[in-house]
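Values in this text are rule-based calculations from the coordinates and carry no lab data. Everything numeric here is computed off the predicted structure, so don't read it as measured data. Cβ placement follows ideal geometry from the backbone for every residue including glycine, while neighbour counts extend to all protein chains displayed.
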């Protein structure tokens, strides 16, 4: 029984916390992401994280542990639903979810692409260094924020916008340009000016602060700026920029800490990705150092891996002719299966639980114990 004094996040608030890492705008246009089942305003006392939302074992587990929400990587609803017949496996699963009021939220390609998402976690599991995006999908949109601040509050506002995430250029933060000048204004009837009197023209020593924001952090930066700024009405501008921001995309490519043979690397993958078997394409004694990896099914990206200088490409569900073509071009492959994406769940749990704690919610985030791997080996 839950504590009556507990303060739980709503499903919408849990989703918003996850979208701080993986905003829905990152998802591929064909993808189906976001809340698929449930009431966004319903409290989420417990959240179950799973690779799959359409597995009946996961649904039964959610109901058994009292979860109000399942967050999954793979969608419950992907194609258009024409009928819901509860005598079919799919209809029965939907019925269970609705009857138990268990919501389903999906983070798929947005979590693949996100910084700190599945592909970064996979690259971290293989201890890759100098990690880059394998295949670009898009770049963050950059904008120039300009705000005019009285000289007395210049440092306060400059620090506030920097702390909120403005001014990142490469690995440099809090980047701004500051120009002194004179601001003029006449406070009219109904105003409560910080400086000056109604009806009188005021001239104030001000500083023009210029900095960079992204489409992702713009709102947070503006909120911090307005909070720190002393004026009743703040003068600021936002300009779109033509220069490209951070590269975002699927897969990652990086370097192993030390060289390995392909066979040694495949064994290393098995241990790090938690699988019992892996398929190998290429000479087992071939020495590999540069690795490309893409969670889930990524066979069509092998030319990108080759272009980025990879010796070996790790992804799931590789078909026969794709393997032949990659091998002919000299690229080795390791296929540990699609289910390796499950390794993201503990990291996702840590991120979401930290967010719940930060925002003062008692919502509990747990990782599913149900094995959704459909394949076994004989």
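Computed from the Kirkwood radius of its Cα pairs, the Stokes-Einstein diffusion coefficient for the range 138-246 at 37 °C and 0.692 mPa s stands at 224 µm²/s. Within the chain, the proportion of C-alpha pairs whose separation exceeds 27 Å stands at 60%. Here the chain carries DSSP beta bridges of which approximately 70% are antiparallel, counting only pairs with both residues inside. What do you get for the angle between helix 11-21 and the principal long axis of the chain? Use alpha-carbon atoms, 0 to 90 degrees, nearest ten. So the inclination is approximately 90 degrees.
Between the Cα long axis of helix 218-228 and the first principal axis of the chain there is an angle of about 40°, rounded to the nearest 10.
For the range 2-50 and the range 104-172, what is the centre-to-centre distance using only Cα atoms, to the nearest Å? Computed from Cα coordinates, the inter-centre distance equals 21 Å. Residues within the reach of a label modelled at residue 237 (point 7 angstrom out along Cα to beta-carbon, backbone nitrogen below 13 Å), restricted to the range 137-172, are 144-148.
In the distance distribution for the range 244-332, Cα-Cα pairs more than 15 Å apart total 58 percent. Fraction of C-alpha pairs exceeding 24 angstrom in the range 71-188: 61 percent, rounded to a whole number. Specify the angular offset, from 0 to 90 degrees and rounded to the nearest 10, of the alpha carbon long axis of helix 154-163 from the longest principal axis of the alpha carbons in the chain. That helix lies at roughly 10 degrees to the long axis. Annotation for the range 198-222 versus the range 258-288: alpha-carbon center distance of 54 Å.
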